[in-house]
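Take a look at the structure set out below.
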């Protein structure tokens, strides 16, 4: 079957992604204004309320951009670093917006919006490549299963990282007038733990699905490929974090730092491993 790639449509997709970046920048400014006044008034202001509306609009526009990229490539848009980045940012924002209805996590809006903004900026300015067909190893329905769960896990880890950062800031007594308006340390830690737990379950499935896919593609479940090793390292770090929290009472600053180490390993796996290491799983597209 001949696959017709549509680069002009991909450029339209890029316009939507760039527009989403502009909307996220506006939302970030609104959340920053809200943080600036939070030390005097803990209630929701129009800055925060409008910020979430702009954030929702930016997420929708980004979703259109990701969808059009997939249509242009005639496949799911997860074949290179550009596509991973914009899809990952979309997943992080979507999970965050949904979580607002379940738990009050508005306090990390600046971190989540800022992280998504930086991710999209890197995608557009550093990682963009023209649409291409998939290499044979990626032409499998396991691409959908494996990658979407990995992106979902990253979304939960990213939100948890925001709580870890604010936990450490509050614990250090920095900006006391502002941080006193945040939830107490125990609540910050508890919410971070829950997000990390969901992310860990998804990451575990990522490992399992990846092994099954590897057997289908290369006739072995595990080959100590660079990407496989780092995926396992991430799993070990988060497993250690959850185990220490649940059984040894290893809470507080040490747990927050370990959680951030885990998220740092996720970022390293996506950037440094893809850009500078060789292996069967390295699909930077650059």
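Stick to Cα atoms and the Kirkwood definition of Rh, then tell me Rg/Rh for segment 219-268. Using Cα coordinates only, the ratio equals 1.11. If every alpha-carbon in segment 161-286 counts as one equal scatterer, what log10 I(q)/I(0) does Debye give at q = 0.11 1/Å? The calculated log intensity ratios at q = 0.11 Å⁻¹ are -0.47.
Largest first, the three principal axis extents of the alpha carbons in segment 1-131 are 61, 28, 19 Å in whole numbers. Rounded to the nearest angstrom and listed largest first, the equivalent-ellipsoid semi-axes of the chain from its Cα gyration tensor are 33, 25, 13.
Once you divide the Cα radius of gyration of segment 35-100 by 2.2 N^0.38 Å, the number left is 1.45. Sorted into 5 angstrom bins from 0, the C-alpha pair distances of segment 73-211 split as 2, 10, 17, 18, 17, 14, 10, 6, 3, 2, 1, 0 percent. With Cα atoms as the point set, segment 117-198 shows a radius of gyration and Dmax of 18.6, 57 Å. Put simply, when 8-15, 98-105 are sorted by average Cβ atoms within 10 angstrom per residue, most first, you get 8-15, 98-105. Stretched out fully, how many nm does the piece from residue 171 to residue 98 gain, at 0.36 nm a residue minus the Cα gap? Extra length from residue 171 to residue 98 when fully extended: 23.5 nm. Here the relative contact order of the chain, from alpha carbon pairs under 8 Å that lie six or more residues apart, stands at 19 percent.
Protection proxy ranking of 237-245, 167-175, by the mean of other Cβ atoms within 10 Å over each peptide's residues and highest first, is 237-245, 167-175.
Using the rule -39500 (n - 2.57) for each DSSP H run of four or more residues, divided by the residues of the chain, the 222 nm mean residue ellipticity is -25500 deg cm²/dmol.
Throughout, read-outs are computed from the coordinates displayed, never taken from laboratory work. Treat the numbers as computed from the prediction; the structure is a model and nothing was measured. We place every Cβ from the backbone using ideal geometry, glycine too, and count neighbours over all the protein chains shown.
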